Every structure is written in structure tokens, then in C-alpha cells.
Amino acid sequence: MKKLSVFVFIAILFLSCKNQKAPGFAVISGKILNSNSDKITLDNLYDYDDFRDISLTKSEEFRDTITLDWNHGYSIYENNNEVFLYLSKGDNLTIEYDSKKMDSTLVISGIGSEINHYIFEKGKLRGDPIELFKKDEVEFKQSIASLKEEMLKLLASKTNLEYEFIVREKNNIKYEYLNYIRRYLTYHGYYTDNRTFKPSEGFADELKTIEHDNENDFKFSPSYRTLIDYYFKEEVSKNADTLVDPDIRLLNLYATIKSDLIKNKLLFDDAQTRILYTNNLDEYYKKFIQVSTNESYNEKITKSYNALKLVGKGYSSPKFIDYENNAGGTSTLDDFKGKYLYIDVWATWCGPCRAEIPSLKQVEKQYQGRNIEFISISIDDQKDHAKWKRMIIDEKLGGIQLFADNSWESKFIKDYMIQGIPGFILIDPSGNIVNSNAPRPSNKDLIALFDELNI
């Protein structure tokens, strides 16, 4: 009887240890040989606002502690290398590789390494995505079905992984397969230079099988999150109601989601960009606050809303001061008072910016001698200053060519909350904003706007 009591005591002690809650953080450390960088960047694959730079010491080592609300994916960027990680509470991972040959030298060890070995091996199965998306429909479907089976076999071979991870990962592999189908709709035409491509009827029917309220899969799988986001945006484009602004229609659709976590996350991720460009700022903000129940997200969108109100129609424009003028000297916004100003914010590395150049030249020619100045502000880094000067010559750029004082961090750019380029601004002769998100030169609405203003 006494022996039995001892056995029961030990069993209870063992169970209590097993049930102890893991600490709410993970530790990553390691060494990266031959890196040209003095840091790595850790990105949270669930929360794109959550990223941090981690210093590499002189001995090429790093270490950091990451607080976790739940277990999920991260990635490490260093030079042109990217390592995908799955971090769990209590993990203590060591990551080591040679920056010049990461794929062949990567070693992951420590607590949590088994899952991350699997993730690395799975990544090597994918192959060249461009060649995959070039394939015709039948061969493409066969290839991704085969890839899915290889991933499932690899997962089944890993007998030391946690049961919960295996269950979630099986679903994730299914979503990765479906996400390939979603991407094919756009990528095949792009990579085969066939912009008129349309898939055969029923090609993407498997996308209709996805449930839209699986909170566990949403937290675990980036592919599932992408598919859900795609579904709602496709619903807006398919069920167009000309009486309701599409931005508001999307908010109305998000409002139907049962899971508050999914609803709030999709709302916030989309609103961070959409609020910058919506044509109905007040209505959009009011509807967002009505639908969202996450106070932290609401505070951030409210901050954006209040800043955007200051660059709304009729407000005095923020000013740039002493920007380098390619024609010589410097220029300030007030130098151009008395004329309408159509301002193009661009950079030499920006493909969409360069695509607008022919249309911009045409508009400049059409309005030559009118009461309007065309100003192009480059936000290139200082290291690309010579490249900016060369492009002005090579592309025979007209108008007034200015160079911002601090790239994306220039006060004028931040005051206008410009987060993507090209960006176009229209200011009236008194220095007041007509439109902080003016139509592009390639958009016929620009000429209609100019006509409306009698420019």
C-alpha cells in the first residue's frame, strides 16, 4: 500500500509538470558567418506591423526574446537570405549558417528545432514558382497535387512532432495547395505574357470549399488568411452595387464574419491601406469603427483618420522647403503659389511610376501654357541621386524635377501619409489641397478634374 502511494505521488507530480504552462516567449540566438549586414530582421507572419531589427555583434552572433500570444510563424531576413521559423512558447532555438551559402549550411538546433527542420525541408520541395505558373492548366494541377502529396509524406515521416502541430499543418498544406490555384489565376497570364488569359470553367471550383470562420487555421496558416482575404475582396468585385461605394461594401462583408478575431484582423489589415485612398474618408472611418471591436486597431485607424483629415480637400497643403531642383538651386512649395500644382511623388526604382511617364508627358504637353505646373518629387535614397539625374536625361523628363530631402522620411511625404508610389497631389493657386489622392496621368478622370476646375 505504501509503494502504491509513492507511485501515485510520482504520477501526480509528473502530470503536474506536464501540465505546467510554457512561458509566453521564445528565445532565438545564433551566428551568421560572412554577412554583409550588421543586423537581421525578424518579421511576424501574422502581424505585419510587428517586426524588429536584431543586431549582429562583431563576432557575427545575435540573440533575442520574442513574446508570444500563441504559437505561429516568423521569418528572418538577412541580406538576400530568408529563414522561415515556427515559434512556440518555451522554444529556445539556435540558428547558424553561412550567409553566402545559406541553403547548404543552415543548422537549427535547440528546443523547437524538430518543427523548424521540417519547415526548412518542406520549403525545398517547392522548386521554381515561375516555371510552375507557366504550365498549362492540366500540368499545373498535376504538379501542385503531386507537391501536396510530397508535403504530406514528409509530414508523416516526422514522428517526433507535436500532435496539435501535425493537425494544423495538414490543413495548412491543403490551403497552400488551394493558394497555388488562386495565384495561378493571375500569375499564369503574367509569366506567359498572355494578359488576356482566363482559366477554363470550373478551374478554381475548389476555392469554394473553404470555410471562412476557422479561427485556429486563421491563427496558424498564412495561406488560409490569404484565401479568406481573397474571398471577401472577390465577393465585392463580383457583386458590384453601384449605389454603394466598394470600400463600404467590403466593410459590410467583413461585418458578417462570426469570429471577432478574423473579422477584426481582416478589417485592420485592409483599412491601414484603404483609408489612405478611399474617396469617402468620413463614411469609411465611421463604418470601420462601427464594425471593428478591437480597441487597439481602432486607435491606430483613428490616428490615421485624424492625420488624413488634415490633408483633405480645402486644407492648406503641407510644404516642402529647399528641395534640390534639377534645373539648379532649390525650390520651396510657396515658390509656385498662383498656379495649380500637379505633384507626382515617384522614385527611379518604381516600375509603376515609370509606367506613368508617357502619360504624364502627354498631359504636360496638353496643358502647356495653362495655369498649372507639373512637379515631380523623387524620394530616391541619396545613394541613387546620380541615377535620378541620369533618368531625367535619358527619359527626357519635363516639368519641374525635385529631389526630396530624406526619401520616405521627408516631412512633406510623411505629412501626406504617402506609403506607396506613385502618388499624385493636386493643389490650387492659393496653396490649398484639391485632392491629396489625385488621379494618375493615365486615368481619364484627371482630365475631367482639370476641366471641372477650368485649368
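Structural remarks
- Any hit, the range 372-386, residues being in the same structural domain as Ala347 (by TED's automatic domain parsing), out of contact with any helix residue (DSSP H, G or I) (no Cβ under 6 Å at 6 or more places or on another chain) and aromatic (Phe, Trp, Tyr): no
- Restricted to the range 408-433, and to residues there that are part of a helix (DSSP H, G or I) and surrounded by fewer than 16 Cβ atoms within 10 Å (Cβ to Cβ), the residue that is farthest from the chain's Cα centre (by Cα) is Lys411.
- Against the test of being of a type in the set (D, E, K, R), farther than 22 Å from Tyr74 by Cβ and outside any loop (DSSP other than H, G, I, E, B), the options Arg249, Arg195 yield a single qualifying residue, Arg249.
- All of (1) under 23 Å from the mean Cα position of the chain (by Cα); (2) in a loop (DSSP other than H, G, I, E, B) hold for Ser296 with one exception: (2).
- Residue check for Thr192: surrounded by 14 or more Cβ atoms within 10 Å (Cβ to Cβ), β-branched (Val, Ile, Thr), touching a helix residue (DSSP H, G or I) at 6+ places or on another chain (Cβ under 7 Å) and under 28 Å from Ser143 (Cα atoms): no
- Hey, Val167 assigned by TED's automatic domain parsing to the domain that holds Glu211, β-branched (Val, Ile, Thr) and within 28 Å of the chain's Cα centre (by Cα) or not: yes
Yes/no matrix, rows are residues, columns are (1) assigned by TED's automatic domain parsing to the domain that holds Ser75; (2) buried (at least 16 other Cβ atoms within 10 Å of the Cβ); (3) within 25 Å of the chain's Cα centre (by Cα):
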{"site": "Leu85", "(1), (2), (3)": "yes, yes, yes"}
{"site": "Lys89", "(1), (2), (3)": "yes, yes, no"}
{"site": "Leu93", "(1), (2), (3)": "yes, yes, no"}
{"site": "Tyr97", "(1), (2), (3)": "yes, yes, no"}
{"site": "Met102", "(1), (2), (3)": "yes, yes, yes"}
{"site": "Val107", "(1), (2), (3)": "yes, no, no"}
{"site": "Ile115", "(1), (2), (3)": "yes, yes, no"}
{"site": "Tyr118", "(1), (2), (3)": "yes, yes, no"}
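- Search result, residues across the range 299-331 that are part of a helix (DSSP H, G or I) and either over 23 Å from Ala438 (Cα atoms) or among the hydroxyl-bearing types (Ser, Thr, Tyr) (or both): Glu299, Lys300, Thr302, Ser304, Tyr305
- When residues of the range 371-407 are limited to those that are in a helix (DSSP H, G or I) and touching a residue at least 24 places away in the same chain (Cβ under 8 Å), the one nearest to the chain's Cα centre (by Cα): Ser407
- Any strands (runs of 3 or more DSSP E) falling wholly within the range 78-171 and containing at least 2 residues that are acidic (Asp, Glu) and farther than 30 Å from Tyr191 by Cα: 92-98
- Candidate set: the range 345-370, residues that are among the hydroxyl-bearing types (Ser, Thr, Tyr) and assigned to a loop (DSSP other than H, G, I, E, B); chosen: the one farthest from Ile421 (Cα to Cα): Tyr367
- Residues that are closer than 24 Å to Ser223 by Cβ and surrounded by 12 or more Cβ atoms within 10 Å (Cβ to Cβ), drawn from the range 55-69: Ile66, Leu68
- Hey, Lys319 without any contact (Cβ under 8 Å) to a residue 24 or more places away in the chain and exposed (fewer than 13 other Cβ atoms within 10 Å of the Cβ) or not: no
- Selection count where residues are within 28 Å of Thr278 (Cβ to Cβ), among the basic types (Lys, Arg) and at pLDDT below 95, scope the range 311-346: 1
- Per-region count, the range 120-167, residues under 20 Å from Phe197 (Cα atoms), among the aliphatic types (A, V, I, L, M) and loosely packed, with under 15 Cβ neighbours inside 10 Å: 2
- Scanning the range 332-344 for residues that are part of a helix (DSSP H, G or I), of a type in the set (Asp, Glu) and in contact with a Gly (Cβ under 9 Å, 6 or more places away or on another chain) gives a single hit, Asp334.
Conditions (1) in a strand (DSSP E or B); (2) farther than 17 Å from Tyr97 by Cβ; (3) outside the structural domain of Asn116 (by TED's automatic domain parsing), marked per residue:
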| site | (1), (2), (3) |
| --- | --- |
| Gly30 | yes, no, no |
| Asn36 | no, no, no |
| Asp43 | yes, yes, no |
| Asp47 | no, yes, no |
| Lys58 | no, yes, no |
| Thr65 | yes, yes, no |
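The values are calculated or read from the model by the stated rules, or taken from the named source; none is laboratory data. This structure is a prediction, so every number in the text was calculated from the model and none was measured. In this analysis, Cβ positions are derived from the backbone assuming ideal geometry, glycine residues included, and neighbour counts consider all displayed protein chains.
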